[in-house]
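Enquirer: Quick one: structure below, then a few questions.
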Amino acid sequence: MNIGIDHGYYAIKTRHFSFPAGITAYSHEPYTLQNTLEYGGKFFVCGTGRQPILRNKMENENYYLLTLAAIAKEIQQRGAKTECSVTIAAGLPLAGFGREKKSFREYLRPSSQPVSFQFEGIPYKVTVEDVKLFPQGYSALMIHPELLQNEPSVLLMDIGGWTVDLMRLDNNVPNAATCRSLELGMIRCIDEAKEQVRRDVGLSVTDAQVERVLAGKPCSMDEDARSIIQKQGRLYTERLLSAAMEAGFDLKAIPVVMLGGGAAVVKRNVSEQDGLCRVFALLDDRVNAEGFERILGRLSGGVGKG
């Protein structure tokens, strides 16, 4: 079975799921087995808030543990056997693809196989046959090739939790020399909005509340706080577009395909006064994971796609 996993700073995404990349360890069984992974004699509740930003996701075992949780969720969703073999399809930013490929592959597939663990009280015995890595963002376009039709040049803007990865495609081919990674992801936007609310109205709003307001969804909140958050969403969008222009991309000359968890927020705050050429937004934050899985399925002839 092929399982695509997008290891974001803010969330872990698979074909069917998106859950926060936070993880909390317990030495004893926690209050609930929901989203609880038991591995190596310890218990881990997955999807609780977000973990501290790591320059290198391989610095500790958190992303490996979250990978096991993601695999278990997909096995359960697909009705597969809990003792099985899987191939992981994952991604890396094109800017650091060659540098990180070997180490990330080894991180996701330890030499000791199969891996035994429990998730939500159900035992699993999974053999990770292989790990295939693909470029983030570009893989998502495998699902939406129509966005590249009749467009000689397109800017891909993958707005993640911590980074915004930029890449230009010329005649459907990634131009590696244009790859940029900006530390301007949605975590920055959310943290700045929370701080501004705290300064102006003295309220400590949560990440979840800020996300909901930025997405334009209903939420019980002080109206002044709501207005501040909405304003911060626009300020963040202006800052991001300016940074992209400074990185050498003329957004008024070439169309932009936005994806990732922040795509909906930025698209919602783009106005006519920005004068952008055209903006396409892929609003499903699982699109990278689905893209990884689809490419792997094609490479393997569809065998064991799951």
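Enquirer: Please arrange THR36, THR127 by how many other C-beta atoms lie within 10 Å of their C-beta, fewest to most.
Expert: Fewest to most other Cβ atoms nearby, the residues stand as THR127, THR36.
Enquirer: Please report the spacing between the Cα centers of region 35-59 and region 244-301 in Å, no decimals.
Expert: 28 Å
Enquirer: Using a cut-off of 15 Å between beta-carbons, work out the net charge of the residues near ARG234 (Lys and Arg +1, Asp and Glu -1, ARG234 not included).
Expert: With Lys, Arg at +1 and Asp, Glu at -1, the neighbours total +2.
Enquirer: Run down the lysines and flag those whose C-alpha is under 17 Å from the C-alpha of LYS73, throwing out any fewer than 8 positions away in its chain.
Expert: List returned: LYS13, LYS81, LYS125, LYS305.
Enquirer: Then there's this: Multiply the residue gap between GLN230 and LYS42 by 0.36 nm, knock off their C-alpha separation, and tell me the result in nm, one decimal place.
Expert: Length gained between GLN230 and LYS42: 63.6 nm.
Enquirer: Under the classification rounded if a/c is under 1.5, otherwise prolate if a/b is larger than b/c and oblate if not, where does region 106-148 fall, given a ≥ b ≥ c as square roots of the Cα gyration tensor eigenvalues?
Expert: Since a/c reaches 1.5 and a/b is larger than b/c, the shape of region 106-148 is classed as prolate.
Enquirer: Ok, one more. Step through the residues of region 56-71 one at a time and calculate ³J(HN,Hα) from phi using the Karplus curve (6.51 cos²θ - 1.76 cosθ + 1.60, θ = phi - 60°), rounding each to whole Hz and writing x for Gly and Pro.
Expert: Going residue by residue, I get 10, 5, 8, 5, 9, 8, 4, 6, 5, 5, 5, 5, 4, 4, 5, 4 Hz, with x marking Gly and Pro.
Enquirer: Apply 1/(1 + (r/R0)^6) to the Cβ-Cβ distance of GLU146 and ALA253, taking R0 = 25 Å, and write down the FRET efficiency to the nearest 0.05.
Expert: Efficiency computed from Cβ-Cβ geometry: 0.75.
Enquirer: Still on this structure, please answer the following. Apply the a/c threshold of 1.5 to the C-alpha gyration tensor of region 199-303 and tell me whether it is rounded, prolate or oblate.
Expert: Oblate is the answer for region 199-303, as a/c is 1.5 or above yet b/c matches or exceeds a/b.
Enquirer: Then there's this: Taking H placed 1.01 Å from N in the peptide plane, check which residues at least 5 places from GLY4 or on another chain put their amide H under 5 Å from its amide H.
Expert: ARG15, ALA89, GLU293
Enquirer: Take the alpha carbon gyration tensor of the chain, find the square roots of its eigenvalues, order them as a ≥ b ≥ c, and report rounded if a/c is under 1.5; if not, report prolate when a/b exceeds b/c, else oblate.
Expert: oblate
Enquirer: Given H placed on each backbone N at 1.01 Å, which residues far from ILE12 in sequence or on other chains put an amide H within less than 5 Å of it?
Expert: Answer set, sorted by chain and number: PHE19, ALA21.
Enquirer: Report the net charge of residues surrounding VAL287, where surrounding means a beta-carbon distance below 15 angstrom and charges are Lys +1, Arg +1, Asp -1, Glu -1.
Expert: In short, -3.
Enquirer: Each residue of region 179-187 in turn: what ³J(HN,Hα) in whole Hz from Karplus with 6.51, -1.76, 1.60 and θ = phi - 60°, glycine and Pro shown as x?
Expert: Each residue's phi maps through the Karplus curve to give 5, 9, 10, 9, 7, 9, x, 5, 4 Hz.
Enquirer: Given the Cα-Cα distance of ILE53 and PHE280 and 0.36 nm per residue of separation, how much length would full extension add, in nm?
Expert: Value of the extension gain: 78.8 nm.
Enquirer: Summing +1 for each Lys or Arg and -1 for each Asp or Glu, what net charge is found among the other residues whose Cβ lies under 12 Å from the Cβ of TRP162?
Expert: Neighbourhood net charge equals 0.
Enquirer: Using Cα positions and a limit of under 17 Å, work out the lysines in reach of LYS102, with same-chain residues fewer than 8 apart set aside.
Expert: Excluding near neighbours in sequence, the set is LYS57, LYS132.
Enquirer: Highest mean first, how do 12-20, 142-150, 101-109, 236-244 rank when packing is the count of other Cβ atoms within 10 Å averaged over residues?
Expert: In decreasing order of mean packing, 12-20, 142-150, 101-109, 236-244 become 12-20, 236-244, 101-109, 142-150.
Enquirer: So for LEU94, LEU259, LEU155, fewest C-beta neighbours within 10 Å to most, what's the order?
Expert: LEU155, LEU94, LEU259
No lab work stands behind these numbers, since they all come straight from the coordinates. Fair warning: this is a prediction, and the values are worked out from it, not measured in the lab. Every residue, glycine as well, gets a Cβ built from its backbone with ideal geometry; the counts of neighbours run over all protein chains shown.
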